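To start, the structure under review is shown below, and the notes come after it.
Please treat every number below as a calculation from the coordinates, not as lab data. None of these values were measured; they are calculated from a predicted model. Backbone-built Cβ (ideal geometry, glycine too); neighbour counts: all protein chains shown.
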Amino acid sequence: MSAPPAPAATPGTPAAGAPLRPGEVLGDGTTGRTRAVGRWRRLRPWLVVAAVLVLGVLVLLLPAPPSSTTPGAPDNAGAGGARALAQVLERRGVEVEYVRTTGAAEAAAARGGTVLVVGDVWLLPEQVERLADLDNDLVLVDAGWALSLVAPELTAGGDVSPRGVRTAACDDPDAVAAGTVSAAGSVEDTSGAATVCFPPAGGPATEGAYVVLEQDGRRLTALSDLRPLTNDAIVDEGNASLALRVLGRHDHLVWYVPSLDDAGAARPDDGGASLTDLVPWVRPVTLWLLLVLAVVVLWRARRLGPVVAEPLPVVVRSAEATRGRGRLYRRGRAHGHAAAALRAGTATRTAHRLGLPRSTPAPALVDAVARASGRPSDHVEQLLYGPPPTDDAGLQRLADDLHHLESEVHRP
Amino acid sequence: MAVTSRAVLVALAGLLPVAVLPAPVTVLVWAVVVAVLCAVDVALAASPREVAVSRDVPRAVRLGQATRSSLTLRAVGDRRVRGLVRDAWPPSALPGGDAPTGARTPRHRVDVPPGESRTVTTPLVPTRRGDLPGDRVTLRTVGPLGLAGRQVSLTVPARLRVLPEFASRRHLPSRLARLRELDGRAAVQVRGAGTEFDSLREYVDGDDVRSIDWRATARRQEVVVRTWRPERDRHVLLVVDTSRTSAARVLDATRLEASVEAALLLGVLAAHAGDRVELLAYDRRVRARVADTHQSRVLPGLAEALAGVQPELVETDWAGLVTQVRSRLSRRALVVLLTSLDPAAVEQGLLEVVGQLTRRHQVVLASVADPELEELRTARRTVEEVFDAAAAERALLERAAVGLRLRQRGVEVVEALPDELAPRLADTYLALKAAGRL
């Protein structure tokens, strides 16, 4: 295991009494115990941080109610949920079994009782057929399409009037007991075999929010609107009465809210195929690759000793200061200064070449340079002591001229 | 704990059982198998703390000279020590260590039976002057399966002193030859304050008639001339400036490197000439010093002292330096200042105090010239280059002015490119010696 960096090269206790020779180092002065203590000391702050994090997460999780946000679910305490109804039913001795898959609904329905289906958006035709094949009483809420598959004579009505209070207007005892409900939408009975209740205001008599049909010895109930069952509206009008009577018919209620996860889900016994079922080795091979990756990480993560650092000296280019000065000239547009430096350099070098002392006065130098280069002396004077240039082009020209003058000056 | 590449192979071999029985549990079982194998291997591996490690390096080596670090491992436990060992040194100590990517410390595979010892050697080619401390020795022992093992990094004291390269020693033979020519010259013009009477010898054609010793000629039957030789036992004090100006890089190396080379050549030459050589490396305090020693020990002494001298980012304390020089020199000496002719630094420091030195001693200032300045001065194609040329011109003029002011105060100024500084300084020394100005 990783050893903490040794504080000093104190040789450890020689093992098996082997005496150390001079210059030899044995171990890093640690034992398994000191290493464990050191590791614990190093890890302790991180453990504290981890503990605080876990506690924080727990605190965040604890007050969260065991509530879902699924509309119409018996464990949803929100406005769109139906926990109030489910709890009242349970208090009245109805065992509510909440399921999310068709397979589970089938399994639960085998015990008898009512099967409630809330919504049909996530249902496939096969799933509806499987539900229709059940012998149980069926209550379809907000499931017009599924209803037409279960009972072809019942279809979703054409009512689009806003949600409003409707009266029973039929002789179904549950509807009569409820009196009025607040609901929207309708179910249309085309055969006339069903009992149609709570028709929309001004709608045809064959449409109603609540339809009951005796079908093959079971009772099929359809409710066009989920809202009467929700926590928000259960206490309005006779909603509670209707819901309790419809769903409390048997002491076992299968509360099925179809889910997206279930789409395409197979019957437990039909051996249907998911991706992992189709390609059985994908999961083990992925796991195996993860294992290999983990070992590779372990292999590469441990360096053979620490990186060796070396103090490097500060090194500056010698001409850096000169370049900096050149940039300052440029930024300050100091053409005069630059020209003066160039002229002084040329003057010094030519004077040296002509053997003149450094203290030679300007006119004497101009004469000597003019003689040596064969140029007119006023030209040389203009070049060496003329007015400073005021722009880049002038400076460039001066630099070139000085260079040429210098190359023309020869020892007399 | 550390796992080896073999453990990865074992993990890879898990594909076989997974292919036969493709289920997640197979992978789980294989993971347990790998973990157990590694754990068993770690348990069976010899403890790296039961290996006595000793490191052996030469005490000192010249810059660029290949050497080696020998690491001896002795298994003191009762298990066979198998595994890898890394003898870590700073990158500049390794061959190819000056490459931009650095160098990788070689690692050695070792197999030491209990009670025995093995030696592994790591080649070293130091590319930087100074004291190189050996870094930690890392020992990784693996178990008999070679899957996993234990690792420890030990601090094993070792130090390699890297002496200056002394590349300027190639100039030594020619300068020694010229030194010998100075001896025994009969010409009068060499006669001066710094020369002493050597011997009498017979006149040969070409000798200056003014050097004939008439008294001796009268005693004998032949014409005899006096010969002279440069005075011996003069003091030479080499002062190496290690301040910020010595850190500047000229061409490939710092100014200090050129100063060190020049100091070594002059020191050896002066020692051969019979002078007494001392050295002082100074910025704000003494960084190294060599006292007057026997001629044969001058070069080792100088190299040893200059090995650890590095540029410091401080301004030279010239007043303190002069105090040091005066306290160490009791009589007239040649004081060689190996510094930079940096106008600002010289004007604010050296110029004020150099008079105190020149009053009693012959002072030579040796400075590295920068070829880049000359390049900047002559490049005038664009306006930017003209401005840079003007700046370079100004810098050169200022250097020249400072050099002139130093010469006016009696200082001999030597300015040369890095490679030429050492021979030029040696030539200056020989000229001073020939002129008897020491």
Once you charge only the Cβ atoms, +1 for Lys and Arg and -1 for Asp and Glu, what is the size of the charge dipole of chain B about its Cα centre, to the nearest 20 debye?
-> 1380 debye
Within region B:15-56, what residues put their amide N at less than 18 Å from the label point 7 Å along the Cα-to-Cβ vector of A:R42?
-> B:48-49
Label B:W214 and B:R381 with points 7 Å out from Cα along Cα→Cβ: what is the distance between them in nm?
-> 7.2 nm
D_trans [Stokes-Einstein, Kirkwood Rh over alpha-carbon pairs] for chain B, 20 °C, 1.002 mPa s, µm² s⁻¹ = 80 µm²/s
Just report the Cα centroid separation between region A:278-295 and region B:69-85, whole Å.
-> 39 Å
Could you give the semi-axes, largest first, of the ellipsoid that matches the protein assembly as shown, computed as the square roots of 5 times the alpha carbon gyration tensor eigenvalues and rounded to whole Å?
-> 101, 44, 21
Rel. contact order, % - alpha carbon contacts under 8 angstrom, at least six apart, chain A = 13 percent
Binned Cα-Cα distances of region B:371-438, short to long, each 10 Å bin given as a whole percent | 19, 34, 29, 14, 4, 0
Summarise the partner chain shielding of A:27-37 as one whole number: the mean count of Cβ atoms from other chains within 10 Å of each residue's Cβ.
-> 3
In whole angstrom, largest first, the equivalent ellipsoid semi-axes that the Cα gyration tensor gives for region B:234-434 are 29, 18, 16
Inter-chain shielding of B:59-70 (mean C-beta neighbours from other protein chains, 10 Å cut-off) | 0
q = 0.20 Å⁻¹, region B:296-387: log10 I(q)/I(0) [Debye, one scatterer per Cα] | -1.12
Find the relative contact order for region A:83-262 and round it to a whole percent, using C-alpha pairs within less than 8 Å whose residues are 6+ positions apart.
-> 33 percent
Summing -39500 (n - 2.57) over every DSSP H run of at least 4 in the protein assembly as shown, dividing by its residue total and rounding to the nearest 500, the 222 nm mean residue ellipticity is -12000 deg cm²/dmol
Average the reciprocal distances over every distinct pair of alpha-carbons in region B:48-163, invert the result, and give the Kirkwood radius in Å.
-> 14.7 Å
Please sort by residue number the trypsin sites (Lys or Arg not before Pro) in region A:47-119 whose DSSP state is loop and whose Cβ has at most 13 other Cβ atoms within 10 Å.
-> A:R92, A:R111
Take the alpha-carbon positions of region A:27-76, form their convex hull, and give its projected area averaged over all directions (one quarter of the hull surface) in nm².
-> 5.7 nm²
With springs only between Cα atoms under 10 Å, which of B:V368, B:V239, B:V137 fluctuates most in a Gaussian network model of chain B?
-> B:V137
Running Debye on chain A with equal point scatterers at the Cα sites and no solvent, what base-10 log of I(q)/I(0) appears at q = 0.08, 0.11, 0.13 Å⁻¹?
-> -0.69, -0.92, -1.10
So for R0 = 41 Å, FRET eff. of B:R407-A:R331 from the Cβ-Cβ r, to 0.05, ends up at 0.70
Over chain B, relative contact order from alpha-carbon pairs under 8 Å, at least 6 apart, % | 13 percent
From the Cα centre of region B:239-305 to that of region A:339-364, the distance in Å is 38 Å
Loop trypsin sites (Lys or Arg not before Pro), region B:28-63, which have at most 12 other Cβ atoms in a 10 Å radius of their Cβ (DSSP) | B:R59
Partner chain Cβ atoms within 10 Å, averaged over the residues of B:153-164 - can you pull that number for me?
-> 3
So what does log10 I(q)/I(0) come out to for region A:324-408 at q = 0.11, 0.13, 0.18 Å⁻¹, using the Debye formula with one equal point on every Cα and no solvent?
-> -0.30, -0.41, -0.74
Using a Gaussian network model of chain A with C-alpha springs under 10 Å, which one of A:A132, A:A321, A:A309 is most mobile by mean-square fluctuation?
-> A:A321
